[in-house]
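Read through the structure below, which is laid out as structure tokens, and then see the notes.
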Amino acid sequence: MDRIREERSQDLLIYLALSRFGKRPRSSELPNNQRSDIRAFFLNYRSSCERADELLFSAGKSEVIDAACRSSVVGKQTPEALYFHITALPLYRPS
């Protein structure tokens, strides 16, 4: 159950982060199930959008990327890169 909760909250953050590239919907424009999940996983819509923005902007920080690569339990690590086959993607869970 915890894993499902974590995956759903991450899915919501990714959706909200990517919606920043277009016109992010207002809370009232979201489907009922998304609004309910946002209330369950985050304090409110505003805080979920703030966390999504942090996630989005962290993707451009090399130290965040390096830490995620170093903590990977799958793939081949070299000093400059992390390599893994596309079939291993579901196994990747950053810490």
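For this structure, a couple of remarks:
- If you go through region 44-65 and keep only what is under 21 Å from R5 (Cα atoms) and not in a helix (DSSP H, G or I), you end up with just N44.
- Verdict on S72 being at pLDDT below 85, surrounded by 10 or more Cβ atoms within 10 Å (Cβ to Cβ) and among the polar types (S, T, N, Q): yes
Yes/no matrix, rows are residues, columns are (1) outside the structural domain of L12 (by TED's automatic domain parsing); (2) touching a residue at least 12 places away in the same chain (Cβ under 8 Å); (3) in contact with a strand residue (DSSP E or B) (Cβ under 9 Å, 6 or more places away or on another chain); (4) over 25 Å from D2 (Cα atoms):
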| site | (1), (2), (3), (4) |
| --- | --- |
| S28 | no, no, no, yes |
| S36 | no, no, no, no |
| R39 | no, no, no, no |
| F42 | no, yes, no, no |
| A67 | yes, no, no, no |
| S71 | yes, yes, no, no |
| E80 | yes, no, no, yes |
| H85 | yes, no, no, yes |
| P90 | yes, no, no, no |
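- Looking only at residues of region 41-60 that are among the charged types (D, E, K, R) and under 15 Å from the mean Cα position of the chain (by Cα), we find that the one that is surrounded by the most Cβ atoms within 10 Å (Cβ to Cβ) is R51.
- Residues that are surrounded by fewer than 14 Cβ atoms within 10 Å (Cβ to Cβ) and assigned to a helix (DSSP H, G or I) within region 20-40 comprise S28, E29, N32, N33, S36, R39, A40, listed in sequence order.
- Of everything in region 1-13 that is aliphatic (A, V, I, L, M) and surrounded by 13 or more Cβ atoms within 10 Å (Cβ to Cβ), the residue that is nearest to E50 (Cα to Cα) is L13.
The values are calculated or read from the model by the stated rules, or taken from the named source; none is laboratory data. Since we're looking at a predicted model, the values are computed, not measured. Note that each Cβ is placed from the backbone with ideal geometry, even for glycine, and that neighbours are counted across all protein chains shown.
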